[in-house]
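Following: one structure in structure tokens, then a few remarks.
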Amino acid sequence: MARDRLAARRKAIGLSQEQLAHRLGVERTTVGRWEQGTSTPQPWQRRSLADELGVGLDELADLLALDADAAGDLAPGWAWTTVQAPGLEDLEALELIRRVEASDVGGETTTALELAVDRLCRSYTNTAPDELLAPLRGYRGYLVRLLDGHATLAQRRELMVLAGWLSLMTAICDIDLHQYRAAATNLDAARSLAHEAGYPLLAGWALETEGWQAITDGHYRRAVQLCRAGRDLVPTDASGYVQLSVQEARASARLGLAKETHRLLDDAATALDRMPTPDNPEHHFVFDPRKLVGYTATTLAWLGDDYGLAEEYAQQAVDQYDVGATDGRWVRRLALARIDLALVLSRIGEAEEAARLGSLAVGSGRLVSSNIWRLDELDDELMSRYAGMAEVNGLHEQRLALDRSTA
């Protein structure tokens, strides 16, 4: 067993897997997977789990660590991997599992679905949004068919939550592709599923997604309102709370609210300290601690009250993503970090280096439609101040070429 200490603690307080699952509002098979090491409690589940086991969060983290024989030769720290999205052909295997179980929603079917949804959410960073839409829609359609079948209340709730995450992930890809009508429909579906399942964390992330879209569209006051509403829904030690805080900070920076912006960045850092270390930080709905550096760099660059500090954060963001980009893990994040650094440098007179970084971001080939406005901001800044410089004109031509290639 991959987490013998977790199972031993449960047994020591006299609870069966089924009894612990009932107290936590999850399936018995979920507890079984935690103890087998094939899945890990989500951040928002850990406080309740710790309370039921009679341990603190630090001790729970020790119990959740994989035992030595299961961990093998893993290097210290997180196992950063490039995750490939499950294909539609995998649905045939899912259907086979369901039929073998002779049940609409058996334990093995649910486990396979959870793993598929997890892989889809983890593959977003390294997959083009138009490539991700087909499997997202295919798996959500499969979940809809299961919801039309026979299931217990607990099983129906689990299916609705999974369908909600897929709807939200689909909406994010739609926004990336400027398919706003489809995005609105999928956001509505995610909110409805969150309400029906009684799952405020999903609702909070839906508001965060709307806030992100509002920022990209230049509706900063609306973004602030959406993020505040989301922060009221989710626990203060959850990934969603950190993400909502940094999004609100970005919107506040655009509005020139310096004091509020710095308060929100401090709030995000405090919440991140409370949040358990994520086991799967590449998951889109799990806040990767590295992202706080990048978000802080963006926010300070937009606020413009301390370019020295903004440059420091932006350089740190570039450095940390440059390490993972060599094997394709964080190429898109590195491109955006370079744009952040370039924007700061352009404002302190280092136009040549700013243009070079912008060219590297374009050359990554990983910028999606919802990122282009960030490049436009840099291009406008450089062209308005340094239009006669060859490097600046070269970046401008690259930007125009992007338009021609997508026309």
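Among the residues of the stretch 292-321, the one identified as closer than 21 Å to SER123 by Cβ and surrounded by fewer than 22 Cβ atoms within 10 Å (Cβ to Cβ) is GLN320.
Taking the listed residues ALA128, ALA171, ALA163, the one that is modelled with pLDDT under 90 and under 18 Å from PHE285 (Cα atoms) is ALA128, with no other qualifying. Only a single criterion out of (1) on the phi < 0 side of the Ramachandran plot; (2) at pLDDT below 75 is not satisfied by GLU52, namely (2). If a residue has to be charged (D, E, K, R) and surrounded by fewer than 16 Cβ atoms within 10 Å (Cβ to Cβ) to count, how many in the stretch 131-170 make the cut? The number of residues fulfilling the criteria is 3.
Does LEU400 meet the test of being crowded, with 19+ Cβ neighbours inside 10 Å and either within 25 Å of ASP174 (Cβ to Cβ) or of a type in the set (A, V, I, L, M) (or both)? In short, no. Evaluating GLU353 against the criteria (1) more than 22 Å from THR127 (Cα to Cα); (2) out of contact with any Leu (no Cβ under 8 Å at 6 or more places or on another chain) leaves one unmet condition, (2). Of all residue pairs spaced 6 or more apart or on separate chains, those with beta-carbon atoms under 8 Å, a first member in the stretch 282-305 that is over 12 Å from VAL246 (Cα atoms) and a second member that is crowded, with 21+ Cβ neighbours inside 10 Å and of a type in the set (Val, Ile, Thr) are HIS284/ILE172; ALA301/VAL344; LEU303/THR261.
A quick yes/no check of all residues on (1) closer than 26 Å to ARG366 by Cβ; (2) not charged (D, E, K, R):
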{"position": "ALA183", "(1), (2)": "yes, yes"}
{"position": "THR216", "(1), (2)": "yes, yes"}
{"position": "TYR241", "(1), (2)": "no, yes"}
{"position": "GLU248", "(1), (2)": "no, no"}
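When ALA342 is tested against (1) buried (at least 17 other Cβ atoms within 10 Å of the Cβ); (2) of a type in the set (A, V, I, L, M, F, W, C); (3) over 18 Å from VAL293 (Cα atoms), just one condition goes unmet, and that condition is (3). When you scan the stretch 242-250, do you find a residue that is under 19 Å from the mean Cα position of the chain (by Cα), hydroxyl-bearing (Ser, Thr, Tyr) and at pLDDT below 95, even just one? No, the stretch 242-250 contains no residue that is under 19 Å from the mean Cα position of the chain (by Cα), hydroxyl-bearing (Ser, Thr, Tyr) and at pLDDT below 95. In this structure, GLU381 qualifies as acidic (Asp, Glu), at pLDDT below 95 and within 20 Å of ASP306 (Cβ to Cβ). Just name the residue that is modelled with the highest pLDDT out of those in the stretch 274-323 that are among the β-branched types (Val, Ile, Thr) and over 26 Å from LEU168 (Cβ atoms). Selected residue: VAL318. Of the helices (runs of 4 or more DSSP H) contained entirely in the stretch 286-374, those carrying at least 2 residues that are more than 21 Å from ARG385 (Cα to Cα) and of a type in the set (A, V, I, L, M, F, W, C) fall at 290-303, 307-325, 331-347.
Closer than 21 Å to PRO281 by Cβ and at pLDDT 75 or above, is that true of TRP34? Yes. Scanning the stretch 139-158 for residues that are under 30 Å from ILE372 (Cβ atoms), of a type outside the set (A, V, I, L, M, F, W, C) and part of a helix (DSSP H, G or I) turns up at least one hit.
Here is a check on your reading of the model: is LEU63 at pLDDT 80 or above, in contact with a Lys or Arg (Cβ under 6 Å, 6 or more places away or on another chain) and in the same structural domain as ARG9 (by TED's automatic domain parsing)? So LEU63 passes the test.
Filter the stretch 174-219 for residues that are in a helix (DSSP H, G or I), among the polar types (S, T, N, Q) and under 22 Å from ASP376 (Cα atoms); which is farthest from the chain's Cα centre (by Cα)? By that ranking, first place goes to THR216. Within the stretch 240-260, the residues that satisfy the criterion of being part of a helix (DSSP H, G or I) and surrounded by fewer than 24 Cβ atoms within 10 Å (Cβ to Cβ) are ARG254, ALA258, LYS259, GLU260.
The values are calculated or read from the model by the stated rules, or taken from the named source; none is laboratory data. Everything numeric in this text was worked out from a predicted model, so none of it was measured. Neighbour counts are summed over all protein chains in view; Cβ atoms, including those assigned to glycine, are modelled from backbone coordinates with ideal geometry.
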